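Input: a single structure, listed below in structure tokens.
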Amino acid sequence: MARVIKTKVEIEGRVHEETVVVEGDEPAAWEEGREYSVVGKPANRVDGRERVTGAARYTYDVNLPGMLHAAVLRSPHAHARVLSIDTSEAERLPGVRAVVTRDEADIDWYGDSGKLFDSTMRFIGDDVAAVAADDLDIAHDALKLIKVEYEVLPAVLSIEEAAKPGALEIHPRGNIIQHNGHNGELYSRGSVEKGFKSAEVIVEGTYRTSTQMHNSLETHGSVAMWEGEELTIWESTQYIFGVRERVARALNMPLSKVRVICEYMGGGFGSKGSTFKQAVIAALLARIARRPVKLMLDRREENTLVGNRGETVQKYRIGATRDGLITAIDLEAMTGVGIYATWAASVAGPAQDLYKCANVRTLTLGVRTNMGSQAAFRAPGYVEGMFGLESAIDELCEKLGMDPVDFRRKNHSDVDHSSGQNYSSKHLLACYDRSLELIGLGSGAALPVRGSLPSNGPWRRGMGLASQTWGGGGGPPAHALVRINPDGTVEVHCGMQDIGTGTKTALSQIAAEELGVPLDSIRFRLGDTQKAPFGPASWGSITTPSVGPAVRMAAEDARKQLLEIASFFMETPASSLQLVDGWVTTEGRPEGRKPLTEILDEIGDYMVTGKGYRGPNPTEPIRTWGAQIAEVEVNIETGQVRVLKIAAVHDVGRVINPKGLASQFYGGILQGMGFGLTEERKVDVRTGQVLNASLDEYKVPTIADTPIMLVEAIDKADTLANHIGSKGSGEPPIIPTAAAIANAVYNATGARVKELPMTPRRVLAALGELRDRQEGITSN
């Protein structure tokens, strides 16, 4: 019997309450220690051949008969008022089939903060008008013919300037995001004042991180096609049902008349979890032209319009006793959210969650500027916040004369500070031990003391450690169907997306394991709102732990039905039958078995259909944990940093596909290296123009930068989290990477770099400050 309940779900570092419908009882958890035939075994991607041969159809590959190509005219000013628009010349250009401006599209997009095509432009790139034409060249030529008169307004581009009292307000809701009626988000437990009074050692520091841009291989984009009053959109998205809802609301359409498809996508890293304007613009142009329209962003648009990891300024003060117990943590942080963001990333999450400390206060200000808005970006907030926290913790260890690993062990906690409950599963101490073994030091060893590793000319070598915590427990709602065809093949249907992480493979393994059929008999159907039951967004490391239990439950339902049918033909109670590797067998009688196809042939065209859903989360908090150690070389003459080796060990519950998990770890580490060493959005401080919005100017790590990566999971099922025991793994490996590298740079040189990325110039500046301090001490 269906019932409605409420449960807590953590997404992108924030816990919220979800109201869900529960039908029946979930299966018992997969037990630890059992030998599984498919789950836990390395598997190649089930769609790997399609991806590498080009057979996979991405949104960019969708080409429909009569399809037009669209381009958007964008504001050249960071802040301006549109006084007039004249599109008449553009409309007369041969090959132009549709033009849309604010006059044709009076659609609220940001609520009371702006429309789809607004009269006020609030950053360079804001949408002014759009054109659909026979080809992209004609569309771009048409944009040049549109005449726009602007009144240029003052812009605010710095978060420090925007946050000052009396600063020019550039947004209808103010420059600082409101939280519960207050400027910024305040968290407090205990009394930091008392904590600092009892502290014997205190460290203070300001840490800064720069804006990082996503640079997914496939840019954002849409193809829209109308068939009568029904709209189909092919969208490069992490959330097909979210796109359906937003487009339907914008166009005042029923959900049943909007279909969204995304079977393959070329990366998102969180940025494609939101619905951006191109889907609605393409739909409007297609309706006017009565032809399909494709609107794909180019690389520069991608890097200015559809999100980033915002810059941060983090002011830390941490106190401890002489024997190494943390007594107080105080953090004031600002994060740049751009102009239209309505939330600020959880920069304070690590300070609140990671260490045992009774007295913690954090204040986070999400600050708006006349720049492109932030979007979720692979553990938003925690990547930035872990750099600040773990750098400050290492400074505290140095001041105390304590080994960084011993200090972290001493301040370890099994209790969630917000709820007072023990975590559902936590193996962080094991992550420390194993990472030390992988890096070559040995379990229980101390990190090398500063400057003790051998040098090579100007190159100094060092090691640094950082921890991680993140949600990744997933939760409802998520639904799945499993259909067994008469020929023995199995189709799994779910309305989620595989954003390139191999989720389709892991979920196919879950279905194959529970059914008792070979992996190659599974066909996973996903990415279509019209053909599958609801699936959640693929972000926040929630996809496998959300959808996996629904898939397993649907497979169990189908298996039970099948064995009931088989019991008739095999004249054996269903309770004595099992399905193993595609054979229906009688328990204890290996000779009494039949192939699944023979049973299905007996019943003809009947299709077995199993149904599953994701049940509620436990009351215990669910988190992932991990540790990474970086070994680096730093050239004290040039400031160059080379990452030689990274050992990464994470507690992410039961491992479904070790091969896929390792791939996630490798990708997260490399992306974290980019954040820590090379990636930085450069902006003209006079105009707000992004200066390095293309891949020839913006430095992401390449294969030449790749270090030795030693990666492992603790592989302990969290059966309280869900009945498959698995948690998400997409975010954990990026979270501690930059922090570990920064601590290794300090271990190598004694110079603390407090701003990311750690470019040669910043490293040299830190080395210069160190020399000045040493010379000052000597002269005194």
Output for the stretch 602-641, where each listed residue is open to solvent by 30 Å² or more (accessible area, probe 1.4 Å) and either in contact with a Lys or Arg (Cβ under 7 Å, 6 or more places away or on another chain) or modelled with pLDDT of 90 or more (or both): M607, T609, K611, P616, P618, T619, E620, I636, E637, T638, Q640
Residues of the stretch 374-409 satisfying the condition of being assigned to a loop (DSSP other than H, G, I, E, B) and surrounded by fewer than 23 Cβ atoms within 10 Å (Cβ to Cβ): G401, M402, D403
Selection within the stretch 693-713 - outside any helix (DSSP H, G or I), out of contact with any helix residue (DSSP H, G or I) (no Cβ under 7 Å at 6 or more places or on another chain) and without any contact (Cβ under 8 Å) to a residue 60 or more places away in the chain: D696, E697, K699, T702
Long-range neighbours under 6 Å by Cβ, at least six apart or interchain, first residue of a type outside the set (F, W, Y) within the stretch 16-35, second surrounded by fewer than 11 Cβ atoms within 10 Å (Cβ to Cβ): E17/K6; T19/K6; V21/A2; V21/V4; V22/R3; E23/A2
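Residues that are part of a helix (DSSP H, G or I) and either more than 18 Å from W625 (Cα to Cα) or within 25 Å of the chain's Cα centre (by Cα) (or both): does the stretch 410-417 have at least one? Quick ask: steps written out before the conclusion?
Pass one, the stretch 410-417, residues part of a helix (DSSP H, G or I): 410.
Keeping just the survivors that are either more than 18 Å from W625 (Cα to Cα) or within 25 Å of the chain's Cα centre (by Cα) (or both) gives none.
No, the stretch 410-417 contains no residue that is part of a helix (DSSP H, G or I) and either more than 18 Å from W625 (Cα to Cα) or within 25 Å of the chain's Cα centre (by Cα) (or both).
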Residues satisfying the stated conditions in the stretch 144-186, i.e. open to solvent by 20 Å² or more (accessible area, probe 1.4 Å) and under 30 Å from R290 (Cβ atoms): K144, L145, K147, V148
Residue within the stretch 753-774 that is over 23 Å from the mean Cα position of the chain (by Cα), assigned to a loop (DSSP other than H, G, I, E, B) and at pLDDT below 95 present: no
Output for the stretch 619-658, where each listed residue is at positive phi and over 22 Å from the mean Cα position of the chain (by Cα): G639
Candidates E89, E50, E26 - the one that is open to solvent by 50 Å² or more (accessible area, probe 1.4 Å), farther than 25 Å from E514 by Cα and in contact with a helix residue (DSSP H, G or I) (Cβ under 7 Å, 6 or more places away or on another chain): E89
Residue match in the stretch 75-82 (condition: surrounded by 13 or more Cβ atoms within 10 Å (Cβ to Cβ), farther than 30 Å from R102 by Cβ and either at pLDDT 95 or above or not β-branched (V, I, T) (or both)): no
Residue ID - least open to solvent (accessible area, probe 1.4 Å), chosen from residues in the stretch 556-584 that are in contact with a Gly (Cβ under 6 Å, 6 or more places away or on another chain) and in a helix (DSSP H, G or I): A558
Wholly within the stretch 433-551, strands (runs of 3 or more DSSP E) carrying at least 1 residues that are among the small types (G, A, S) and within 30 Å of E230 (Cα to Cα): 479-484
Subset tally (residues that are open to solvent by less than 10 Å² (accessible area, probe 1.4 Å) and in a loop (DSSP other than H, G, I, E, B)) for the stretch 317-340: 2
Whichever residue in the stretch 418-432 is part of a loop (DSSP other than H, G, I, E, B) and touching a residue at least 24 places away in the same chain (Cβ under 8 Å) and, among such residues, is nearest to A717 (Cα to Cα): S425
Cβ pairs under 8 Å, 6+ apart, first in the stretch 434-447 and on the phi > 0 side of the Ramachandran plot, second open to solvent by less than 60 Å² (accessible area, probe 1.4 Å): G442/L436; G444/D433; G444/L436
In the stretch 298-316, the residues that are buried (at least 21 other Cβ atoms within 10 Å of the Cβ) and not in a helix (DSSP H, G or I): V306, G307, N308, R309, G310, E311, T312, V313, Q314, Y316
Residues located in the stretch 14-44, provided they are closer than 15 Å to P618 by Cα and touching a strand residue (DSSP E or B) at 6+ places or on another chain (Cβ under 8 Å): V15, H16, E17, E18, T19, V20, V22
Matching residues, the stretch 550-577, being more than 25 Å from H493 (Cβ to Cβ) and of a type outside the set (A, V, I, L, M): S567, F568, F569, E571, T572, P573, S575, S576
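Matching residues to (1) closer than 30 Å to G319 by Cβ; (2) assigned to a helix (DSSP H, G or I); (3) of a type in the set (A, V, I, L, M); (4) open to solvent by less than 10 Å² (accessible area, probe 1.4 Å):
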{"position": "M225", "(1), (2), (3), (4)": "no, no, yes, no"}
{"position": "L231", "(1), (2), (3), (4)": "no, no, yes, yes"}
{"position": "T237", "(1), (2), (3), (4)": "no, no, no, yes"}
{"position": "V260", "(1), (2), (3), (4)": "no, no, yes, yes"}
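The values are calculated or read from the model by the stated rules, or taken from the named source; none is laboratory data. What you see is a predicted model, and the numbers here were worked out from it, not measured in a lab. Virtual Cβ from ideal backbone geometry, glycine too; neighbours counted across all protein chains shown. Accessible surface is based on the protein model in full, side chains and every heavy atom, while ligands, DNA and RNA are left aside. Shrake-Rupley method; radii C 1.70, N 1.55, O 1.52, S 1.80 Å.
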